[in-house]
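The values are calculated or read from the model by the stated rules, or taken from the named source; none is laboratory data. Please read all numbers here as calculations on a predicted model, not as lab measurements. With ideal geometry, Cβ positions are generated from the backbone for all residues, glycine too; neighbour counts draw on all protein chains shown. Surface areas here come from the heavy atoms of the whole protein model, side chains and all, with no ligands, DNA or RNA. Shrake-Rupley method; radii C 1.70, N 1.55, O 1.52, S 1.80 Å.
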Amino acid sequence: MLGCVLLAAGCAAAAGDELHVSGAVLHARFPTASVTVRAVPQSGAGVQGGKTFANPNAYIRVQLGREVTAAELLSDWVLVHEMTHLALPDTGEEHAWLAEGIATYVEGVARVQAGNRSEVDLWAEELHSMPRGLPQAGDRGLDHTHTWGRTYWGGAMFCLLADVGIRRSTQLRFGLQQALRAVLRESGGLATDWPIERVLRSGDAAVGTRTLEELYAQMRDTPVAPDLMTLWRELGVLPEGDSVRLVDDAPLAPVRHAIMRAP
């Protein structure tokens with residue numbers, strides 16, 4: 001999504017080792033000149049979580065089960081999610097929903113673009129999980145409700161709405177991907193502190209819209225609940241058991257194709 005997908009390179013290091021990664025790119029540059037990935041051994045299998053830092057240098061700590069398999073590494077999302085954090089300036093804890101929402105949304109799209117995940121699998125996950133980001137009773141806007149669901153999936157919902165909005169406003173020429181790339185170019189990423197307004201203004205300027213700023217004005221203080229099922233139907237994403245069926249005669253199917261197509 002941001003033009004950089006390093007799917008399992010960090011996890012391929014032996015537990016407890018450190019791996020320095022430079023210049024790993026897909027279509028555009030990696031968010032930082034280099035990053036140190038430290039695999040911390042844990043009991044059990046799989047990739048069990050991660051944390052990203054940027055001061056003074058880019059550093060990711062990933063918890064890795066001693067019994068992790070190659071298949072688990074190749075299908076895991078944690079490292080892609082964590083590396084995505086490197087591309088966004090630090091906007092403060094109040095706006096953690098933006099950082100986590102972008103990482104949640106971008107991880108899936110980036111892996112589809114890289115051929116590491118199927119589009120059907122991505123939309124099936126969004127159909128199942130994104131409603132967790134909808135406001136619950138007593139919730140306020142994204143800046144004021146810091147539950148897990150609103151932070152991760154509420155932020156991802158903001159990204160989906162923004163991506164669709166930008167694509168529609170620009171006749172498919174641009175999307176959230178181009179906006180985020182511009183933010184990275186101008187800011188340098190996570191090592192920089194930017195107010196959220198500057199992040200959104202920079203992204204909007206790059207694609208020639210006010211989509212990000214207007215959506216933030218709607219959702220920052222008010223618990224907005226978009227009709228996700230109608231949006232997915234218009235995108236051509238139809239529920240089918242535990243999965244989805246993608247149709248190409250839906251009104252916004254070209255938008256869906258544009259989101260999933262690598263620049």
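Some observations on this one:
Results for (1) within 12 Å of the chain's Cα centre (by Cα); (2) without any contact (Cβ under 8 Å) to a residue 40 or more places away in the chain; (3) under 16 Å from GLN218 (Cα atoms), shown as yes or no for each residue.
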position	(1), (2), (3)
SER118	no, yes, no
ALA124	no, no, no
SER129	no, yes, no
GLY149	no, yes, no
ALA162	no, no, yes
GLY165	no, no, yes
LEU172	no, no, no
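- The stretch 185-221, subset modelled with pLDDT of 95 or more and assigned to a loop (DSSP other than H, G, I, E, B), residue nearest to PHE30 (Cα to Cα): TRP194
- Take the conditions (1) open to solvent by 40 Å² or more (accessible area, probe 1.4 Å); (2) under 23 Å from MET83 (Cβ atoms); TRP194 misses just one of them, which is (1).
- Any hit, the stretch 167-182, residues being surrounded by 17 or more Cβ atoms within 10 Å (Cβ to Cβ), aliphatic (A, V, I, L, M) and not in a helix (DSSP H, G or I): no
- Selection count, the stretch 63-83, where residues are farther than 22 Å from ALA156 by Cα and either assigned to a helix (DSSP H, G or I) or open to solvent by less than 10 Å² (accessible area, probe 1.4 Å) (or both): 7
- In the stretch 210-220, the count of residues that are open to solvent by 40 Å² or more (accessible area, probe 1.4 Å), of a type in the set (S, T, N, Q) and without any contact (Cβ under 8 Å) to a residue 24 or more places away in the chain is one or more.
- Leading residue by the ranking (farthest from the chain's Cα centre (by Cα)) among those in the stretch 203-234 that are under 20 Å from GLN171 (Cα atoms) and of a type in the set (S, T, N, Q): THR209
- Top-ranked residue of the stretch 125-154 - restricted to ones that are small (Gly, Ala, Ser) and surrounded by fewer than 23 Cβ atoms within 10 Å (Cβ to Cβ), ranked as nearest to PRO254 (Cα to Cα): SER129
- Residues of the stretch 131-151 include none that is modelled with pLDDT of 95 or more and under 24 Å from ARG261 (Cα atoms).
- Taking (1) modelled with pLDDT of 95 or more; (2) on the phi > 0 side of the Ramachandran plot; (3) not aliphatic (A, V, I, L, M) in turn, GLY92 satisfies each apart from (1).
- Just one of the numbered conditions (1) touching a Lys or Arg at 6+ places or on another chain (Cβ under 8 Å); (2) exposed (fewer than 14 other Cβ atoms within 10 Å of the Cβ); (3) of a type outside the set (Ser, Thr, Tyr); (4) closer than 14 Å to GLU119 by Cα is not true of LEU238: (2).
- Residue check for ARG29: part of a loop (DSSP other than H, G, I, E, B) and either at negative phi or open to solvent by less than 30 Å² (accessible area, probe 1.4 Å) (or both): yes
- Residue pairs whose Cβ atoms lie under 8 Å apart, sitting 6 or more positions apart in sequence or on different chains, and linking a residue in the stretch 62-84 that is farther than 15 Å from ARG111 by Cα to a partner that is acidic (Asp, Glu) and surrounded by 19 or more Cβ atoms within 10 Å (Cβ to Cβ), are VAL62/GLU82.
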